[in-house]
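Working notes, structure below.
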Amino acid sequence: MVSKTSASKSKSKTKPPPKNPKRARALKTPSAAHRDAVQSPQDQQILLDIFSDAFSTVLSSDRFPVLLQEIKQALYQREFSTAFGNEAYLEAYAARWSPTRALCYASIFMDIQEHLDGMPSSGRTGTGDLPIPTEGPNSTSSEEQQQVLESGQESQHGDEEASGPGPSHLNSLRMLCIGGCAAEHVAFASYIQASNNRHGQLTLLDSGPWAPITTLLQNSVTSPPALSKYASAAMRDSNKALLDSNQFHCAFTQANVLDLAKDQLAEVIGSQPQIVTLLFTLNELYTGAGIGKTSTFLRTLGSVLPAGSLLLVVDSPGSYSEAAVGKEKKKYPMQWLLDHTLLQSEEKTPAYTWERLESHDSLWFRLPEELRYPIPLESMRYQLHLYRLDRDAGE
């Protein structure tokens, strides 16, 4: 049973960019009433079913409650490397907390669709910018990633001979998720499914060993769900995958983003405009690595992202997202640190400018009462900040 809730959110937004956006300092946009989630309960239930099917063994395990308690303890102590450091914890985390976040993220993606549509088009799908595994001592790639690269190469050659519409002719939307994997994976797949004539290319980058879960969920979103042997003929005929495998490519790289050199980060990103997400990740970076190193990463990100790209930051609201500075441990809100780095450092980064499109201090995502999942799920509260990168014409 899912918690009894109703949908209610707040938001403010600007219009999507013109074809040739001019450089300008962003103005603050205060939070306002957020419109209701655009996904229907039926669509949300499909996503929950993906999680319950993929993690059925985990959810029914006697060890599941123990693992959850150990994860909670690590998170309470802000020992993020422990909480996300082994596959057993990641599976339990994905089964317990990722479903609600996936629904929330899917709703967010739908809610910012006008900004996603306003990004410079990546054109037809090909493979020139499929994600490349980052080499280094902290990086690895799953078998699924290699399959993605190989299938992408085949698609590219196929484009040369194709004469009719098909998945390879769809407009491509690229997303790079830094930190977190399972919820982002399913949410982005859901957005691509709901977007007509779209192809999705997703890169997941995280320091934890998410590769097996990435492969599992990629199979889940591109394969029809399992049916009971007693399923009717009508149910069998209507049973289909969330997405066709040719419509959605996903690659995972295990690496600490703060350890990547500028050229390595640029290689992961590629040359096409995309949306980069830091979903419940930025405060973890500030807390674990410090403000200086995290701010340097944000500046590096701005220097390598293609013009027109978006940066989406979602995190816990209020005092849950604060970082301490100096010997006196003075605390600063995550949003203040983020805006200080992106919006108030123009003189240090004359080649590009960040424009804030949306900013919300506290929003609620509430689950419809009728949704079903093997364990109780709760609604969630979060803050949201969306930025667009503009670059000098000469760059």
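Nothing in this text is a laboratory measurement; each read-out follows from the coordinates by a stated rule. Being a predicted model, the structure only gives us computed values, none of them experimental. For neighbour counting, all protein chains shown are included, and Cβ atoms are generated from backbone atoms with ideal geometry for every residue, glycine included.
Listed values, structure above:
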quantity	calculated
For the range 168-276, radius of gyration divided by Kirkwood radius, i.e. Rg to Rh on alpha-carbons	1.05
For Q274, residues with placed amide H under 5 Å, excluding near neighbours	S309, L310
Sites T296 and N171 - FRET efficiency at Förster radius 25 Å, r taken between beta-carbons, to 0.05	0.15
Cα pair count fraction exceeding 22 Å, expressed as % - the range 220-373	57
When the convex hull of its Cα atoms is projected in every direction, mean area for the range 283-374 (nm²)	8.9
Extension gain from N196 to Y230, taking 0.36 nm per residue of separation minus the Cα-Cα distance	8.9 nm
Calculated from backbone phi, Karplus (6.51, -1.76, 1.60) coupling profile of the range 363-375 in Hz, x at Gly/Pro	10, 10, 10, 10, 8, x, 5, 7, 5, 10, 7, x, 10
Packing-based order for 176-184, 243-251, 66-74, using average beta carbon neighbours within 10 Å, highest first	176-184, 243-251, 66-74
Value of Rg to Rh for the range 247-300 (Rh from inverse mean 1/r over Cα pairs, i.e. Kirkwood)	0.98
